[in-house]
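Here is the structure we will look at.
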Amino acid sequence: MPYAIKVNGKTHNVDVDGDTPLLWVLRDVLGMTGTKFGCGMALCGACTVHIDGVASRSCITSVDSIKAVAITTIEAIGATPAGAKIQKAWLDLEVPQCGYCQSGQIMSAVALLSSNARPTPAQIDDAMSGNICRCGTYPRIREAIKQAAAS
Ligand code: FES
Ligand code: FES
């Protein structure tokens, strides 16, 4: 079935089943492979994108449920004010290790700073609690969010 979905400011016409997860539309249909597959069950955060500015798990979001909303992915998040600050802090503090979880980490961090420019340590921990990093980069993630908030 044809769907028109708006990703990073551009409307794409895709022809998929309505229950196809947004993650697979992004990766397999649109070729945007920055958003990662981890668990497929909303448990790891690797697939996080913004849906109308809200950090959302694209692995459990069906394309049928997102008809009239704006989706932002890691490919375009650097063009937003909070995204630019977060990406600079990530680079300054060399946050990633293997990198696999980092797209999702950045998307959650940007959603936090977009809604709360000066988050407390507890608010940072709460906002990032759904993003798992098997390499244990959590201390650098926290520091990078603090640096971005202070910049
Ligand atoms: S792949 Fe979506 S939360 Fe893990
Ligand atoms: S940097 Fe390797 S899983 Fe997070």
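FYI, it's all coordinate maths here, none of it is from the lab. None of the values given here were measured: they were computed from a predicted structure. Glycine also receives a Cβ, built like all others from the backbone with ideal geometry; neighbour counts cover every protein chain displayed.
With both residues required to sit in the chain, DSSP beta bridges show an antiparallel share near 85%. Just to be sure I understand the curve: with the Debye formula and one point per C-alpha of the chain, what is log10 I(q)/I(0) at q = 0.15, 0.20 Å⁻¹? Debye intensities relative to I(0), on a log10 scale: -0.71, -1.19. Sorting E94, E143 by the number of Cβ atoms found within 10 Å of their own Cβ, with the fewest placed first, yields E94, E143.
Each stretch of four or more DSSP H residues adds -39500 (n - 2.57); spread over every residue of the chain, this sum gives -9500 deg cm²/dmol at 222 nm. Helix 138-150 axis versus longest C-alpha principal axis of the chain: approximately 80°, rounded to the nearest ten.
Close Lys pairs in the chain, defined as Cα atoms under 24 Å apart and 8 or more places apart or on different chains, number 10. Between the listed residues G31, A82, V54, the Cα displaced farthest toward the positive end of the dipole of the chain, a dipole computed from Cβ unit charges relative to the Cα centre, is found at A82.
For the options C133, C98, C44, a Gaussian network treatment of the chain with springs between C-alpha atoms closer than 10 Å singles out C98 as fluctuating the most.
Against the longest principal axis of the chain, how steep is helix 81-92, in degrees 0 to 90 to the nearest 10, with axes from Cα atoms? With both axes taken from Cα atoms, the answer is about 60 degrees.
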